[in-house]
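The values are calculated or read from the model by the stated rules, or taken from the named source; none is laboratory data. Source: prediction; values computed, not measured. Using ideal geometry, Cβ is built from the backbone for each residue, glycine included, and neighbour counts are taken over all protein chains shown. Note: accessible area is taken over every heavy atom of the protein model, side chains too, but ligands, DNA and RNA are not part of it. Shrake-Rupley method; radii C 1.70, N 1.55, O 1.52, S 1.80 Å.
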Amino acid sequence: MAGTQGEIVAAHSLGFQYAGSTSKALDDVSIVIRQGEFLLLTGPSGCGKTTLCRCLNGLIPNFHPGEMSGELLVDGVSVAAETTSELSRKVGYVFQNPENQLFALTVEKDVAFGPENLGLTREEIRGRVDWAMDAAGTVALKDLAPYELSGGQQQRVALAGVLAMKPSVIVLDEPTSFLDPRTAEEVMGAVDGLRRENGITVIVVEHRLDLVGRYAERIVVMDHGRIVADGRVEDVIDSEFDRLSGLGIGLPKVSLLWSLLKRDGLVSERLPTHVESAARMLSERLRN
Amino acid sequence: MGENGAGKTTLAKQLNGLLKPTLGRVTVDGDDTAKKSVAQLSRKVGIVFQNPDHLLFSETVREEVGFALKNFGFEPGVVVKQVERTLEALDLAHYGDTSPFLLSGEERKRVALAAVLAWEPDYLILDEPTIGQDYQQKERLRNFILQLNSQGKAVVMVTHDVEFVAECNPKVVLMSKGQIVAQGQADEVLSDDGLIEKASLVKPQMAKLFSQLSEFGFPRDVVDVHRAKMLLQERLSEVRVRVAQSS
Amino acid sequence: MSLRVLNGFKFSSLKTPVHRLDPRAKFLLVIGIIVPSLLFTNIYLLAGLLLVQVPLLMVGRVTRRWVQSLRAGVFLSALIFVVNFFTGPLVNAVALTLRFLLLMTTFSFFFMTTSPDDLGLAIDKVGFIRWLSRRWLGYPNALSFTFTTAVRLVPTMAVDAQTVVDAQRSRGLELDKGNLLKRVRNYIPILIPLLLIAIRRSLELAEALEARGFPGREGRTSLFELRFKPVDYLLLGISLGGIVLSFWVFFHYHVPTI
């Protein structure tokens, strides 16, 4: 039951205010996300990125009460009409803290947890668990307990648990905050790989644009509950560089370098967003 | 610096006596840590733990920040003054009578920092201070750390945030599997492929960039954006002049 | 008596035939040993019941841990012996000490060879618990889930406890100084953060649970299921037989202590 032309998420003037809060966490947010997109959602702390994510899988308003306004459709159906349990089949959520989202005593049982809630037969559950653990690279860990795993392994297990639900969208809320840089890159690479192989839509909330920017096609920047920029990563960083810096967003260092050189008239191309393109452009110029 | 499990936090805990060595010795200002208690060593060595929730328990921020001072036996008058000073320095004065549990994550981290700075330890150890913070918050932290350091305090950061370290350019000690594998200035250490590999880190963007531009004679040990810009600026201006001349 | 005695009750994840026995059968075995040991004080019987568990412990490869826990329980056993030595015949003292060791061994055996997972699954099958769970918490498997989650969180909370102690000691808190009142008050800076961390963690876990579809409108289907194997039936039979026999003998004969 997909929405218009492969739209998996459609928000129209979505607003939300947490119960007991005096300001809007989401203010007139309108966005359309298509199936299979890789979207990087960023913005200064408190801008509403996590709030938006929670709306997608029903944690808002069911777990975090408050007033919702406007409309949000996931896979063509309004979120107001579905429970968190139902939405969890469509939207998977990987949380920031690796350990606090694993509740079973072994990895295998944890990955099975989600499908066990779906009313499937035991064979179906078994199939999903095996597939998900393999896809996320956690088969070797299957009998270990959550506290015996490293942060990166825990995130992979969380990912497997979410995959086993076979969602159309996976939201990852700052999934690599607690991981060291090498593991962070591995996890992001794995996420991108999964997306390509399975056509899953991926939304990653992250401050470090250079980490995710190389995989994401689209970037959405929020500030004070509103969307302030939305477009392809290269386009947005190039055209909105100064404004985004002003908002306190951590732009990739190569982009910053380029903008400084550009200001002095030494280069003229669009801002690169990762090292490879910057290196290429500089080499060309210097080789002349 | 080093990957998770390299032993960074274990080493940090040796410095204030929480852990004592099984081989060898650790001395702080000449005193053997094995012969002193944690309370004694903490007067000089303050550790700010990664998760502020492991510290916070008081009814107000003021009480929280004053806790250690009371434990160390400072006079009440001194306690009040130190608490106010520290709150001011960390922009928390308006939260003095607020419950620390009502504050946001970043604010709680600042309260934890204030709780340790209150007694002005000579050596300050910060365990993963940048996790979960956005760019602006990290900027503020960086400025604060540099300020502290310029006031004569020794600051030790346990971190794997390469870009943050690149911006501060301090001395770096790299650890891997319980051993120190390198010590040196940040720009030297973080631009060395072999060392980065050993410590399971990634190179800062500038270092990655310049290692791909080595054929043009650029130095490899560039981690700072502004230095990178200056180096490129020279060359690109030359190129521009040459191009202008040849046309 | 150090905390190491608790090691004798901690699950050791090995794959032995004893570990694979259905927990319900094992539990009935435990009852089957406890009933006669409480009904009778015959030294030979008690010693026999104790010794019969040794091969079980050996097959389960947990003998070393069991011995460790026994050694740690020496103090309490000695106490029991001494108290009874002065209040009755020697044989009584021996019998009661034996009984204490026997009970400790039985429970130790059970917990060392039964994974909390399996325990959770077993609890989940008990009709009364499901009923209670539905009445009280709304879902039939809520209680067993609570149990397994609690067990899963124990090592995590232990790490947190150590970190909190470290953090507060680094602020000058000295837990081993001062009079009794001061010492108790000194635990407030330890307990409050722990409590709050536990609450925060629970909230995050709850969120994650909901995000994975708990509880599901069709109820939960468990991937793993406990199934009785022939050896389990054998064990059930023996245990039940033993219990019945014990009661029958108890009501028909007087079995002396020696």
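Of all the numbered requirements in (1) closer than 21 Å to C:VAL30 by Cβ; (2) basic (Lys, Arg); (3) within 9 Å of another protein chain (Cβ to nearest Cβ), C:ARG152 misses one, and that requirement is (1). Tell me which helices (runs of 4 or more DSSP H) are completely within segment C:25-127 and hold 3 or more residues being touching a residue at least 40 places away in the same chain (Cβ under 8 Å) and over 30 Å from A:LEU144 (Cα atoms), or say none if there are none. Result: C:43-59, C:90-113.
Is it the case, given these coordinates, that C:ARG200 is out of contact with any helix residue (DSSP H, G or I) (no Cβ under 6 Å at 6 or more places or on another chain), facing chain B (nearest Cβ under 10 Å) and either at pLDDT 95 or above or within 23 Å of A:GLY114 (Cα to Cα) (or both)? Yes; evaluated as a whole, the condition is true for this residue. Within segment A:120-145, the set of residues being in contact with an Asp or Glu (Cβ under 8 Å, 6 or more places away or on another chain), assigned to a loop (DSSP other than H, G, I, E, B) and at the interface with another protein chain (Cβ under 9 Å from one of its Cβ atoms) comprises A:ASP143 only. I want to confirm something. Restricting to segment C:130-147 and keeping residues that are modelled with pLDDT under 85 and within 18 Å of the chain's Cα centre (by Cα), which single residue is farthest from A:ASP110 (Cα to Cα)? My answer is C:LEU143.
For segment C:223-247, residues that are open to solvent by 60 Å² or more (accessible area, probe 1.4 Å) and either of a type in the set (S, T, N, Q) or closer than 27 Å to C:PRO89 by Cα (or both) total 1.
Residues that are under 15 Å from the mean Cα position of the chain (by Cα) and acidic (Asp, Glu) do occur in segment C:113-121.
Screening B:GLY66, B:GLY46 for residues that are in contact with a helix residue (DSSP H, G or I) (Cβ under 7 Å, 6 or more places away or on another chain), part of a strand (DSSP E or B) and within 22 Å of C:LYS177 (Cβ to Cβ) leaves exactly one candidate, B:GLY46. Based on what the data block shows, is A:VAL204 touching a Phe, Trp or Tyr at 6+ places or on another chain (Cβ under 6 Å) and surrounded by 21 or more Cβ atoms within 10 Å (Cβ to Cβ)? In short, no.
Here C:ALA208 passes the criteria (1) closer than 27 Å to A:PHE63 by Cβ; (2) open to solvent by 10 Å² or more (accessible area, probe 1.4 Å); (3) part of a helix (DSSP H, G or I); (4) without any contact (Cβ under 8 Å) to a residue 12 or more places away in the chain except the one numbered (2).
Yes or no, residue by residue, for (1) in contact with a Phe, Trp or Tyr (Cβ under 9 Å, 6 or more places away or on another chain); (2) aliphatic (A, V, I, L, M); (3) open to solvent by less than 20 Å² (accessible area, probe 1.4 Å):
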| site | (1), (2), (3) |
| --- | --- |
| B:GLU59 | no, no, no |
| B:LEU69 | yes, yes, yes |
| B:PRO76 | no, no, no |
| B:GLN82 | yes, no, no |
| B:ALA115 | yes, yes, yes |
| B:ARG140 | no, no, no |
| B:LEU146 | no, yes, no |
| B:ALA154 | yes, yes, no |
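Those residues that are small (Gly, Ala, Ser) and not in a loop (DSSP other than H, G, I, E, B), I need them from segment B:176-226; list them, please. Listed by number, the residues that qualify are B:SER176, B:ALA182, B:GLY184, B:ALA186, B:GLY194, B:ALA207, B:SER211, B:SER214.
Based on this model, can you work out whether B:SER104 counts as without any contact (Cβ under 8 Å) to a residue 12 or more places away in the chain, surrounded by fewer than 19 Cβ atoms within 10 Å (Cβ to Cβ) and over 21 Å from B:MET157 (Cα atoms)? Judged against the criteria, B:SER104 is a match.
If you check A:ASP110 against the conditions, is it in contact (Cβ under 8 Å) with a residue 12 or more places away in the chain and not in a loop (DSSP other than H, G, I, E, B)? Yes: the conditions hold for A:ASP110. Being more than 11 Å from every other protein chain (Cβ to nearest Cβ) and open to solvent by 20 Å² or more (accessible area, probe 1.4 Å) is a property that A:LYS109 lacks. Per this entry, B:LYS153 is counted among residues that are under 25 Å from C:SER170 (Cβ atoms) and away from chain A (no Cβ under 14 Å).
I'm trying to understand the selection: among the residues of segment B:220-247, which are more than 9 Å from chain A (Cβ to nearest Cβ), in contact with a helix residue (DSSP H, G or I) (Cβ under 7 Å, 6 or more places away or on another chain) and not acidic (Asp, Glu)? Answer for segment B:220-247, where residues must be more than 9 Å from chain A (Cβ to nearest Cβ), in contact with a helix residue (DSSP H, G or I) (Cβ under 7 Å, 6 or more places away or on another chain) and not acidic (Asp, Glu): B:ARG220, B:VAL222, B:VAL223.
Taken over segment B:177-194, the criterion of being within 15 Å of A:ARG182 (Cα to Cα) and surrounded by fewer than 21 Cβ atoms within 10 Å (Cβ to Cβ) is satisfied by B:ASP193, B:GLY194. Only residues that are surrounded by 14 or more Cβ atoms within 10 Å (Cβ to Cβ) and assigned to a helix (DSSP H, G or I) were counted in segment C:180-197, giving 8.
When we screen A:GLU185, A:GLU217, A:GLU148 for residues that are modelled with pLDDT under 95 and more than 14 Å from chain B (Cβ to nearest Cβ), the only hit is A:GLU217. Number of residues in segment B:88-126 that are farther than 25 Å from B:PHE164 by Cβ and of a type in the set (A, V, I, L, M, F, W, C) equals 4. Residue count for segment B:47-78 satisfying the condition of being closer than 16 Å to C:ARG169 by Cβ and facing chain C (nearest Cβ under 7 Å): 10.
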